[in-house]
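**Student:** First the structure, which I've put down as structure tokens, then a few questions once you've had a look.
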Amino acid sequence: MTNTGMNMRGKITFYEEKNFQGRSYECMSDCSDMTSYLSRCQSCRVESGCFMVYDRTNYMGNQYFMKRGEYSDFQNMLGMRDCVRSCRMIPMHRGQFRMKVYERENFGGQSHEMMDDCDNIMDRYRMNDVQSCNVMEGHWLMYEQPQYRGKQMYMRPGEYRSFRDMGMSGMRFMSMRRIMDSCN
């Protein structure tokens, strides 16, 4: 039995200034637009759970994975040029992980089904790029560079026919990792 739908309560507190200063906003679920709560956000504390934070509203723009810990300065720690504008809580998943990746949009070209992490898609499968995927089970992070480096994209169960249509034009995904952290 999979517990994908069972959200373990997460809690993240955002602060307007670096080093947890200024006004704050506590969040325990998804928030598509934080601008009504804070004019900017430059630091946060994740007390429990895992979150993706985005530098644009509506879960758009650059994405960053946050697990339990303190992030006193987004700009220096994560290389964020801007501040956090939206966040999404990642539900805890117990069970198998399965994702099928495709080298072209609309599930075209070479494909491979994955059940574990892949630190380099080129070395393992001889694929130059991943442009679409079908996440059957679990939650995944995709990275633009091998060895889980560079820009990230959060993938939850569903079909993703075109990363370009999702605002990821020009990005190549070269490594993938399962989100297995208990995040508590």
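The values are calculated or read from the model by the stated rules, or taken from the named source; none is laboratory data. Please read all numbers here as calculations on a predicted model, not as lab measurements. Here the Cβ positions follow ideal geometry from the backbone for every residue, glycine too, while neighbour counts run over all protein chains shown. For the accessible areas, the whole protein counts, side chains as well, though only heavy atoms, and no ligand, DNA or RNA atoms are used. Shrake-Rupley method; radii C 1.70, N 1.55, O 1.52, S 1.80 Å.
**Student:** With the full set of protein chains in place, find how many percent of the accessible area of the chain is carbon and sulfur; take the probe as 1.4 Å.
**Tutor:** Taking all protein chains in place, the chain shows 40 percent carbon and sulfur surface.
**Student:** Find the centroid of the Cα atoms in region 11-63 and in region 88-106, then give the distance between the two in whole Å.
**Tutor:** One Cα centre to the other: 24 Å.
**Student:** Next up: Percent of alpha carbon pairs in the chain separated by more than 27 Å?
**Tutor:** 28
**Student:** What does the charge count near residue 144 come to, summing +1 for each Lys or Arg and -1 for each Asp or Glu among other residues with Cβ under 10 Å from its Cβ?
**Tutor:** That works out to +3.
**Student:** Taking a 21 Å limit on the Cα-Cα distance, which of the listed pairs 11/100; 18/67; 11/67 fall beyond it?
**Tutor:** 11/100
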